[in-house]
Amino acid sequence: MLDELPCSVYLVQGHDARLVLANHMATTIWGATWKPSQPMSEFLLENAIRIIGTDGLAMAPERLATLRAVQQGENVHQHQEVIRHSDSTALPVLVNAVALDPEHMRFPLIPSVSDGRAEPVPVALVVHQDVTALKEAEQLKDDFIGIAAHELRTPLAVLKGFAQMLLIQSERGKGPSLVDWQIEALQGIDQATQRLVELTEDLLDVTRLQAGRLTLHLTPTDLVALTRRVMKRLQLTTERHTLSFATIAEHLVVDVDPQRMEQVLGNLLGNAIKYSPQGGSIEITIQENAEEQMAQLRIRDSGIGIPVEQQAQIFGRFIRADNARTYGIGGTGLGLYLCRELIERQCGRIWFESAEGEGSTFSVALPVFVSGEEKISYASADSRG
Ligand code: ADP
């Protein structure tokens, strides 16, 4: 029965994941035959098989789903791995590894493994599903988004350029002067076009990230000045919200891409405003954690909050909370996804606390810039103990 299944199924035993049994599909997925009793690492080495994680890097053995199940007794669900065979072909798989209760094993499955050990020997059942077709579909979707967004750029630039030209030239007295409703209409076109430009840029960033084509230019940047700038820009967009800023240091230099950081802060502050439809105060604070050499920025609003059951997914692509829709607040669900990717690529962290109906606090931690000389003195201080 197992041999008829379209996915690979195998059973391993012991901390080094020795094979007990595997179905036919396991041989197809691995591109090699795993011999009974052979430990997993030996099998991978012998057949020059490498396992790659979602970050594109070879995975450390302790992160492999199979080994986590036998070594930590963990149940690993839908773990994405890529099996790279010795001929360099790659197979994307979803792995589910279930740690079975060794107490319920009536007999040692491989006698030699349990010899001389007092504790029960761990056993895990592992299923691999080939997701090549799904990955191809996802790639097609990303390509489509990328092409559509790219093609939208030129006509949008033309629209924006002409709307601004009409506004500026008539203000300078060139041509017949415009009446108020004409100026308002042109401002409306200008603002809507700007929104479309931002939307297409977000879509392009998503496809760049997916394809690993997004490059960052890290430079020492004053986080306090940058935050002030973004805050002033966003305060101009609202009269119902009051943005306040508190910092202990007048300057705090972090190692980031300034343009991307402006994008992240703009997004987080924009969300704080957008998801507080009743207006109110938005507090921004910057602190330094000298021990960890991290700067911590916090944005607190008292808006609609994020329902608990949706908090775990909120950084995902195109994910929006139900209450945002109920309030009729528009959005794409791309902002937080981009924020997290950008922050993590700058060696930072982003997290939040939120209670529905009470408000949200988003926090960002970024590495403080340490010059070469300071790094050396920190290192020597460490070595002195
Ligand atoms: P968008 O705002 O375009 O929908 P984001 O990725 O920026 O996309 O945010 C994802 C979702 O997270 C939003 O749709 C909203 O449900 C929720 N969210 C983000 N920030 C806040 C906030 N400050 N308060 C309440 N909900 C928020």
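The values are calculated or read from the model by the stated rules, or taken from the named source; none is laboratory data. Quick caveat, the model's predicted, so the values are computed rather than measured. Positions of Cβ are backbone-derived with ideal geometry, glycine not excepted, and every protein chain shown enters the neighbour counts.
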Would you check which residues across region 303-342 are crowded, with 18+ Cβ neighbours inside 10 Å, in contact (Cβ under 8 Å) with a residue 24 or more places away in the chain and of a type in the set (Gly, Ala, Ser) and list them?
Gly303, Gly305, Ala324, Gly335
Could you figure out which of (1) more than 13 Å from the ligand (Cβ to nearest atom); (2) touching a strand residue (DSSP E or B) at 6+ places or on another chain (Cβ under 7 Å) isn't true of His241?
(1)
Answer with yes or no whether Thr247 is closer than 16 Å to Val364 by Cα and of a type in the set (S, T, N, Q).
yes
Kindly list, by first and then second residue, each pair from a residue in region 254-271 that is touching a residue at least 24 places away in the same chain (Cβ under 8 Å) and farther than 19 Å from Thr221 by Cα to a residue that is of a type in the set (D, E, K, R) and within 11 Å of the ligand (Cβ to nearest atom), limited to pairs with Cβ atoms under 9 Å and residues at least 6 apart or on different chains.
Asn271/Asp301
Exactly one of these conditions fails for Asp55: (1) surrounded by 19 or more Cβ atoms within 10 Å (Cβ to Cβ); (2) more than 18 Å from Leu11 (Cβ to Cβ); (3) charged (D, E, K, R). Give me its number.
(1)
Answer with yes or no whether Asp55 is modelled with pLDDT under 90, under 23 Å from the mean Cα position of the chain (by Cα) and acidic (Asp, Glu).
yes
Can you find a residue that is crowded, with 16+ Cβ neighbours inside 10 Å and either under 22 Å from Gly330 (Cβ atoms) or in contact with a His (Cβ under 9 Å, 6 or more places away or on another chain) (or both) anywhere in region 283-291?
no
Is there a residue in region 209-231 that is modelled with pLDDT of 95 or more, of a type in the set (Asp, Glu), buried (at least 16 other Cβ atoms within 10 Å of the Cβ) and closer than 17 Å to Trp351 by Cα?
no
So, restricting to strands (runs of 3 or more DSSP E) that lie completely within region 285-379, which ones have at least 2 residues that are modelled with pLDDT of 95 or more, more than 9 Å from the ligand (Cβ to nearest atom) and among the small types (Gly, Ala, Ser)?
359-367
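For every residue, the table says whether it meets (1) in a helix (DSSP H, G or I); (2) farther than 30 Å from Leu11 by Cβ; (3) at pLDDT below 95.
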position: Arg106; (1), (2), (3): no, no, yes
position: Val113; (1), (2), (3): yes, no, yes
position: Gly116; (1), (2), (3): no, no, yes
position: Val121; (1), (2), (3): no, no, yes
position: Val126; (1), (2), (3): no, no, no
position: Ala137; (1), (2), (3): yes, yes, yes
position: His150; (1), (2), (3): yes, yes, yes
position: Lys174; (1), (2), (3): no, yes, yes
Which of the residues spanning region 244-280 are more than 19 Å from the chain's Cα centre (by Cα), within 11 Å of the ligand (Cβ to nearest atom) and either over 22 Å from Glu358 (Cβ atoms) or among the aromatic types (Phe, Trp, Tyr) (or both)?
Tyr275
Select, from Glu239, Glu250, the only residue that is of a type outside the set (Val, Ile, Thr), farther than 27 Å from Ile306 by Cα and part of a loop (DSSP other than H, G, I, E, B).
Glu250
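Find the residue count for region 196-231, including only residues that are part of a helix (DSSP H, G or I) and of a type in the set (Ser, Thr, Tyr).
Kept after step one, since they are part of a helix (DSSP H, G or I), are these residues of region 196-231: 196-210, 223-231.
If we keep only those that are of a type in the set (Ser, Thr, Tyr) too, we end up with 200, 207, 227.
The number of residues fulfilling the criteria is 3.
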Which of the residues belonging to region 161-209 are closer than 30 Å to Ile319 by Cβ and charged (D, E, K, R)?
Arg195, Glu198, Glu201, Asp202, Asp205, Arg208
